[in-house]
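Participant: Quick one: the structure is below, and I'll ask about it shortly.
The values are calculated or read from the model by the stated rules, or taken from the named source; none is laboratory data. Treat the numbers as computed from the prediction; the structure is a model and nothing was measured. Cβ atoms come from the backbone with ideal geometry, glycine included; neighbour counts cover every protein chain shown. Side chains are part of the model used for accessible areas, which takes the heavy atoms of the whole protein and leaves out ligands, DNA and RNA. Shrake-Rupley method; radii C 1.70, N 1.55, O 1.52, S 1.80 Å.
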Amino acid sequence: MKRRTFVKNSALAASAVMAGPSLLARNPKQDIILGHGKKRYKLDTKWSQADITKYPVKDCHEMVQDSKGRILLLTNETKNNVIIYDKKGKLLSTWGSEYPGAHGLTLFDENGTEVLFICDNNRHQVIKTDMNGRVLLTLDYPKETGEYTKAEEYVPTETAIAPNGDIFVADGYGKDFIMQYDSKGNYIRHFGGRGETDAHLLNAHGVCMDFRDPANPSLVVSSRQQMAFKRYTLEGKYLSTISLPGAWVCRPVIKGDYLYAAVLMSASQPWKQSGFVTILDKKDKVVSNIAANAPEYEAGQLKELFQTDAVFAYPHDVCIDDEENLYVAQWNSGQVYPYKLMPVS
């Protein structure tokens, strides 16, 4: 989806009303337990202890946990683009005022030193920084590909970093190509893009490395408008499609044996604050949905997914910490801080 079309639709979304009464309103004093099977969680909507008047957010786009256990939130609010918490929600620090289109946040351990990669929609750039925000590398629009004539055609949304430092950039609001660079920012190749074959993408919103099969590492890419993830080799060869009917999936996040993803909205309730979170196992099967219907397969095909509990508006990312807690950041959802979900047995 082109960025301007997405923004137009989001204006309609901002005035939409949740279908049915909010689960939060119906259960003001009871624990809210969400999910299915072994992936069930207790909801905490008041996790963040930051003062919203001093540390505001616009869109809470993405979150990561660093080696110190801290939770980093990326927002496109230029008073504090990066907000850093402990796991209990206590505000530790903030930085950043130069990222008006802050969208993608990836953490990478570079030979024992952690670094961040920020995708900025407005600047049409990917920026690598240290953990305090000092800029280390900037990637401009990929004119080397021959696919772009100006920066405005390129709207990067996410990165994934290979063990050797290669940088994969998803142009999720531009032309839907995946660009690959070496660790110094030298162009290697591009693949994906729009088209009619399975190897093509539509709204390549997120990307991540998948090493759960050590002998066959792969790249998982969101094709959000096609309601699917697509798997490629690290050289860009298409391998397979993971169909998720009904789910506008954002970036894939892998922790342990599972793949987690925020779902921006349900296809059956477009632009009506109908998002949820989905969890897939190592075999690419959905095993739990948070605030959505239980996954059901018929003849090997997943039945349509949709929001059942009005807990989230437009979830945009999920972070899984070292204790298996989930943190959900939301886009265009009333400038709310992230929610925390704690696993229950």
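Participant: Tally up the residues in the stretch 52-71 that are out of contact with any Phe, Trp or Tyr (no Cβ under 8 Å at 6 or more places or on another chain) and touching a residue at least 40 places away in the same chain (Cβ under 8 Å), please.
Facilitator: Residues meeting the conditions: 8.
Participant: In this structure, does Asp322 turn out to be open to solvent by 10 Å² or more (accessible area, probe 1.4 Å) and either in a strand (DSSP E or B) or in contact with a helix residue (DSSP H, G or I) (Cβ under 9 Å, 6 or more places away or on another chain) (or both)?
Facilitator: When the stated conditions are applied, Asp322 does not pass them.
Participant: Can you tell me which residue among Glu62, Glu98, Glu110 is in contact with a Gly (Cβ under 8 Å, 6 or more places away or on another chain) and open to solvent by 50 Å² or more (accessible area, probe 1.4 Å)?
Facilitator: One residue alone meets the criteria, Glu110.
Participant: One residue is enough: does the stretch 113-124 have a residue meeting the conditions within 21 Å of Lys68 (Cα to Cα) and either without any contact (Cβ under 8 Å) to a residue 24 or more places away in the chain or basic (Lys, Arg) (or both)?
Facilitator: Yes, there is a match, as at least one residue in the stretch 113-124 is within 21 Å of Lys68 (Cα to Cα) and either without any contact (Cβ under 8 Å) to a residue 24 or more places away in the chain or basic (Lys, Arg) (or both).
Participant: Say we look at the stretch 113-146 and pick out the residues that are open to solvent by less than 50 Å² (accessible area, probe 1.4 Å) and in a loop (DSSP other than H, G, I, E, B); which of these is farthest from Val253 (Cα to Cα)?
Facilitator: This residue is Pro142.
Participant: Kindly provide the set of residues from the stretch 149-199 that are among the charged types (D, E, K, R), in contact with an Asp or Glu (Cβ under 9 Å, 6 or more places away or on another chain) and farther than 17 Å from Phe108 by Cβ, ordered by number.
Facilitator: Glu153, Asp171, Lys175, Arg189, Arg194
Participant: Then there is this: Among the residues of the stretch 217-236, is any in contact with a His (Cβ under 8 Å, 6 or more places away or on another chain), modelled with pLDDT of 95 or more and in a loop (DSSP other than H, G, I, E, B)?
Facilitator: Yes, the stretch 217-236 contains at least one residue that is in contact with a His (Cβ under 8 Å, 6 or more places away or on another chain), modelled with pLDDT of 95 or more and in a loop (DSSP other than H, G, I, E, B).
Participant: Quick one: would you say Glu235 is surrounded by fewer than 17 Cβ atoms within 10 Å (Cβ to Cβ), over 30 Å from Tyr187 (Cα atoms) and not aromatic (Phe, Trp, Tyr)?
Facilitator: no
One line per residue, one yes/no per condition, for (1) crowded, with 24+ Cβ neighbours inside 10 Å; (2) assigned to a loop (DSSP other than H, G, I, E, B):
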residue: Cys250; (1), (2): yes, no
residue: Val263; (1), (2): yes, no
residue: Trp271; (1), (2): no, yes
residue: Lys282; (1), (2): no, yes
residue: Ala294; (1), (2): no, yes
residue: Leu305; (1), (2): yes, yes
residue: Val328; (1), (2): yes, no
residue: Gly334; (1), (2): no, yes
residue: Met342; (1), (2): no, no
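Participant: In addition: Name the pairs whose Cβ atoms lie under 6 Å apart, with the first residue in the stretch 323-337 and of a type in the set (A, V, I, L, M, F, W, C), the second in a loop (DSSP other than H, G, I, E, B) and surrounded by 15 or more Cβ atoms within 10 Å (Cβ to Cβ), and 6 or more positions between them or separate chains?
Facilitator: Val328/Pro338; Ala329/Pro338; Trp331/Asp59; Trp331/Tyr314
Participant: Out of the residues in the stretch 167-206 that are among the charged types (D, E, K, R) and either at pLDDT below 95 or under 20 Å from the mean Cα position of the chain (by Cα) (or both), state the one that is surrounded by the fewest Cβ atoms within 10 Å (Cβ to Cβ).
Facilitator: Looking at residues that are among the charged types (D, E, K, R) and either at pLDDT below 95 or under 20 Å from the mean Cα position of the chain (by Cα) (or both), I get Lys175.
Participant: Can you tell me which residue in the stretch 147-161 is most open to solvent (accessible area, probe 1.4 Å), limited to those that are part of a helix (DSSP H, G or I) and in contact with a Lys or Arg (Cβ under 9 Å, 6 or more places away or on another chain)?
Facilitator: Glu153
Participant: Would you please list the contacts, defined by Cβ atoms under 8 Å and residues six or more apart or on different chains, that run from a residue in the stretch 207-229 that is touching a residue at least 12 places away in the same chain (Cβ under 8 Å) and open to solvent by 10 Å² or more (accessible area, probe 1.4 Å) to a residue that is among the basic types (Lys, Arg) and not in a strand (DSSP E or B)?
Facilitator: If the second residue must be among the basic types (Lys, Arg) and not in a strand (DSSP E or B), the pairs left are Arg212/Lys282.
Participant: Can I ask one more? Going through Glu152, Glu147, Glu196, Glu158 one at a time, which residue ends up being closer than 23 Å to Val318 by Cα and acidic (Asp, Glu)?
Facilitator: Among Glu152, Glu147, Glu196, Glu158, only Glu158 is closer than 23 Å to Val318 by Cα and acidic (Asp, Glu).
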